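The values are calculated or read from the model by the stated rules, or taken from the named source; none is laboratory data. Just so it is clear, the structure is predicted and the values come from calculations on it, not from any experiment. For neighbour counting, all protein chains shown are included, and Cβ atoms are generated from backbone atoms with ideal geometry for every residue, glycine included. The protein model used for the area step is the full one, side chains on, heavy atoms only, and it has no ligands, DNA or RNA in it. Shrake-Rupley method; radii C 1.70, N 1.55, O 1.52, S 1.80 Å.
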Amino acid sequence: MFLSVFDMFKVGIGPSSSHTMGPMMAAARFLDMMRASPFAFHGLRASLHGSLAFTGVGHATDRATILGLAGFVPDTYDADKAEAVLTEIRATGMIEPAGLQPMRFAPANDLIFDYDNPLPGHANGMILMATDAQGDVTLRETFYSIGGGFVMTEAELAAGKDTDDGAPVPFPFKSAAEMLEMSTASGKTIAQMKRANEDSRVGHANLRSGTARLWQVMNDCIERGLSNEGTLPGGLNVRRRAKGIHDKLLEERGMNLTAPHTINDWMSVYAMAVNEENAAGGQVVTAPTNGAAGVLPATLKYYLDHVPGASEAHVEDFLLTAAAIGGLVKYNASISGAEAGCQAEVGSAAAMAAAGLCAVMGGTPQQVENAAEIALEHHLGMTCDPVKGLVQVPCIERNGLGAIKAVSAASLALRGDGTHLVPLDACIETMRQTGADMSEKYKETSLGGLAVNIPNC
């Protein structure tokens with residue numbers, strides 16, 4: 001089993017990796033299928049199902065699907081150009097992706113939110129169709145956005161193509177137990193094993209430059225979030241708070257009366273800055289999802305700016321360790337809120353961040369595994385119930401608390417010797433079972449929890 005650090009961490013746009021980035025990538029894949037087809041196409045249609053339908057408007061799924069069919073992809077997304085293209089499509093009812101002739105596509109008629117017919121493969125399902133001159137469907141594909149920006153066709157999902165089928169890697173661990181066994185046998189840390197795997201696939205130079213870019217985008221996102229003010233889009237009238245909190249924290253620096261617990265506010269504000277940017281549709285890094293994108297950058301920022309002796313030379317080890325843990329969670333359970341609730345998103349992010357922090361603070365592989373388990377264990381059962389289908393309430397604050405839990409979990413693990421009762425593998429399996437048992441209304445549908453108990457929402 002191998003999931004690259006660049007699979008777990010993707011540069012993209014908000015507000016959702018599964019509901020925004022995933023549909024956009026699915027549309028890009030569908031365009032490639034059309035370009036490879038011998039047929040001439042004259043129109044496009046799309047239908048959104050399950051969670052993509054129920055929370056699609058709040059997550060900008062409709063917008064992402066339209067832009068994806070127009071040729072946009074998350075990694076190179078240009079916001080100003082996107083606005084101009086959207087306006088033109090809505091005005092003309094035509095869409096013009098590169099390499100294909102102009103086609104009919106009127107969003108009001110050709111993009112359907114199907115609330116009544118969930119697709120069998122995953123809660124996040126969508127069907128894309130291309131039509132001939134008479135309007136008959138001549139190409140059709142079902143896609144599933146399975147979390148974290150990962151997209152699969154119906155056939156790929158059925159064939160188990162979410163698992164790795166590339167060339168062998170030096171350390172192909174698919175469980176935490178195997179990871180620790182390989183670490184003991186090789187004498188390598190988790191980051192060193194993960195680096196060897198990455199080097200065998202992407203090359204050392206690409207790994208170094210790629211991880212540096214990931215942290216740069218993460219840190220830039222924090223800085224933008226700490227600078228921007230105003231009200232977030234979507235109708236809840238949620239005010240951005242990160243800048244105001246950060247300004248007060250800066251004012252208090254150096255005061256003898258500052259309480260020790262104020263460090264929690266620093267962790268929270270870093271995470272909130274990211275998730276406010278995400279909610280506004282800004283550029284973020286999935287970590288492992290957009291809804292949980294603030295936890296890991298906040299924890300890494302805390303390490304670099306507040307921990308004595310911290311060094312940016314350790315950023316790659318942090319990301320590699322975190323990616324190793326995230327890969328285990330994705331492979332053995334889920335990182336999708338629509339599949340397993342927020343335990344799969346913020347819980348997974350906290351486990352990844354705790355592992356990364358523990359590693360760069362000198363933890364052994366056993367302590368790193370313990371840190372990840374502590375963080376995930378104390379998110380078990382957490383539901384995904386975004387108010388009005390927006391990635392704002394409770395998501396923004398929840399990332400802050402996830403970062404605090406991650407740091408606490410790493411600290412607790414470092415106080416021990418790595419010996420503990422509940423293995424990480426057992427915790428991951430428990431999360432999977434809990435997600436399977438969880439009512440659908442608590443899995444990113446906005447049909448339960450806070451989403452139905454907030455007045456006027």
Let me confirm something: among 436, 340, 426, which residue is small (Gly, Ala, Ser), over 30 Å from residue 187 (Cα atoms) and open to solvent by 40 Å² or more (accessible area, probe 1.4 Å)? 436
I'm trying to understand the selection: among the residues of the stretch 353-381, which are among the acidic types (Asp, Glu), buried (at least 24 other Cβ atoms within 10 Å of the Cβ) and under 20 Å from the mean Cα position of the chain (by Cα)? 373
Quick one: is residue 345 open to solvent by 10 Å² or more (accessible area, probe 1.4 Å) and either in contact with a helix residue (DSSP H, G or I) (Cβ under 8 Å, 6 or more places away or on another chain) or at pLDDT below 95 (or both)? yes
With the requirement that a residue be crowded, with 24+ Cβ neighbours inside 10 Å and either under 17 Å from residue 325 (Cα atoms) or not polar (S, T, N, Q) (or both), what does the stretch 275-290 give you? 276, 277, 279, 284, 285, 286, 287, 288, 289
Collect the residues in the stretch 197-218 that are small (Gly, Ala, Ser), over 26 Å from residue 295 (Cβ atoms) and surrounded by fewer than 14 Cβ atoms within 10 Å (Cβ to Cβ), keeping them in residue-number order. 203, 205
Condition broken by residue 411, with the remaining ones in (1) under 26 Å from residue 276 (Cα atoms); (2) open to solvent by 40 Å² or more (accessible area, probe 1.4 Å); (3) not aliphatic (A, V, I, L, M) satisfied: (1)
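To keep it simple, each residue is scored yes or no on (1) part of a loop (DSSP other than H, G, I, E, B); (2) hydroxyl-bearing (Ser, Thr, Tyr); (3) open to solvent by less than 40 Å² (accessible area, probe 1.4 Å).
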| position | (1), (2), (3) |
| --- | --- |
| 2 | yes, no, yes |
| 24 | no, no, yes |
| 27 | no, no, yes |
| 41 | yes, no, yes |
| 47 | no, yes, yes |
| 68 | no, no, yes |
| 72 | yes, no, yes |
| 101 | yes, no, no |
| 117 | yes, no, no |
With the structure loaded, tell me whether residue 91 is touching a His at 6+ places or on another chain (Cβ under 8 Å), farther than 24 Å from residue 18 by Cβ and either in a loop (DSSP other than H, G, I, E, B) or free of Cβ contacts under 8 Å to residues at least 12 places away in the same chain (or both) or whether it fails that test. no
Exactly one of 270, 331 is of a type outside the set (Gly, Ala, Ser) and surrounded by fewer than 24 Cβ atoms within 10 Å (Cβ to Cβ), and that one is 331
Closer than 26 Å to residue 436 by Cβ, open to solvent by 10 Å² or more (accessible area, probe 1.4 Å) and acidic (Asp, Glu) - does that describe any residue in the stretch 301-317? no
Could you grab me the full set of residues in the stretch 119-158 that are touching a Gly at 6+ places or on another chain (Cβ under 9 Å) and outside any strand (DSSP E or B)? 119, 122, 123, 132, 133, 135, 148, 149, 154, 157, 158
Could you run through the stretch 381-425 and say how many residues are among the aliphatic types (A, V, I, L, M) and free of Cβ contacts under 8 Å to residues at least 12 places away in the same chain? 1
Would it be correct to say that residue 81 is within 16 Å of the chain's Cα centre (by Cα), open to solvent by 10 Å² or more (accessible area, probe 1.4 Å) and of a type outside the set (A, V, I, L, M)? no
Of the residues 12, 58, only one is among the small types (Gly, Ala, Ser) and part of a loop (DSSP other than H, G, I, E, B); which? 58
Which fully enclosed helices (runs of 4 or more DSSP H) of the stretch 201-286 have 2 or more residues being among the β-branched types (Val, Ile, Thr) and modelled with pLDDT of 95 or more? 204-227, 262-279
Residue count, the stretch 130-142 (criterion: in contact (Cβ under 8 Å) with a residue 60 or more places away in the chain and surrounded by fewer than 19 Cβ atoms within 10 Å (Cβ to Cβ)): 7
